[in-house]
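Reading through the structure tokens given below for one structure.
The values are calculated or read from the model by the stated rules, or taken from the named source; none is laboratory data. Model, not experiment: these values are computed from the prediction. No Cβ is skipped: glycine too gets one built from the backbone with ideal geometry, and neighbour counts run over all protein chains shown. SASA here: full protein model, heavy atoms, side chains in, ligands and nucleic acids out. Shrake-Rupley method; radii C 1.70, N 1.55, O 1.52, S 1.80 Å.
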Amino acid sequence: MSVICIRDRKEVLEISYSDVKKYHGSVALMAVAVGYRTLQASFAELYGEEVPNRKDISIMSGHAGPGFRDVFEFVTRALTRGVYTVNVEYPVAQHDPYRPQSYAYVISTADGKAVEAALRQDFLPSAFYEYLKKGRENAMTEQDEEDFDRLKLELSERALALSVDELLIVKRIS
């Protein structure tokens, strides 16, 4: 797995998935992996081989969860800089059958370029949404929690192993 390179003032930082995982912890590993791959794919589309500058990137996340937020913050500092927004009503990649929650992300540059990266609908199994629903309803058993943690780990490993095209639909929107 390649690292994400990002410019922070005069320094080029090399950020690995492992770095982001250490920052986040283990609560939302699937989201951390998908978010990491989203940034890799988006930066490739927007910048090619050029290293993006943190201060030039803003992010709209269709997902309000901590895994996506943490990877986007760790790599770009968008939340700290006030250029990170969440819109769970974003109309693309609304895969959760129980609530509005988009699995799409818009990564924009200071010069007006933007890409939309959307998680493919078939990536998350229906069991994933069932566990999320149980969690919101405080109905998770200890076994459910263990099974859900195992599923999130499996999905994170799968997200890192798949090609970008198998995981995401990435398109230039401006």
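Being closer than 23 Å to Arg136 by Cα and among the aliphatic types (A, V, I, L, M) is the requirement here; does Val27 meet it? When the stated conditions are applied, Val27 passes them. When Phe128, Phe123 are checked against the criterion of being part of a loop (DSSP other than H, G, I, E, B), open to solvent by less than 30 Å² (accessible area, probe 1.4 Å), in contact (Cβ under 8 Å) with a residue 24 or more places away in the chain and not aliphatic (A, V, I, L, M), Phe123 stands alone in meeting it.
Residue by residue, here is whether (1) without any contact (Cβ under 8 Å) to a residue 60 or more places away in the chain; (2) of a type in the set (S, T, N, Q) holds:
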| position | (1), (2) |
| --- | --- |
| Ile15 | no, no |
| Lys21 | yes, no |
| Ala31 | yes, no |
| Arg54 | yes, no |
| Ile57 | yes, no |
| Val71 | yes, no |
| Thr80 | yes, yes |
| Val83 | yes, no |
| Gln94 | yes, yes |
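With the requirement that a residue be among the β-branched types (Val, Ile, Thr) and either open to solvent by less than 10 Å² (accessible area, probe 1.4 Å) or in contact with a strand residue (DSSP E or B) (Cβ under 6 Å, 6 or more places away or on another chain) (or both), what does region 92-120 give you?
First pass over region 92-120, keeping only residues among the β-branched types (Val, Ile, Thr): 92, 106-107, 109, 115.
Within region 92-120, Val92, Val106, Ile107, Val115 qualify.
Residue-level check: of (1) open to solvent by 70 Å² or more (accessible area, probe 1.4 Å); (2) part of a helix (DSSP H, G or I); (3) of a type outside the set (Gly, Ala, Ser), Thr85 misses just (2).
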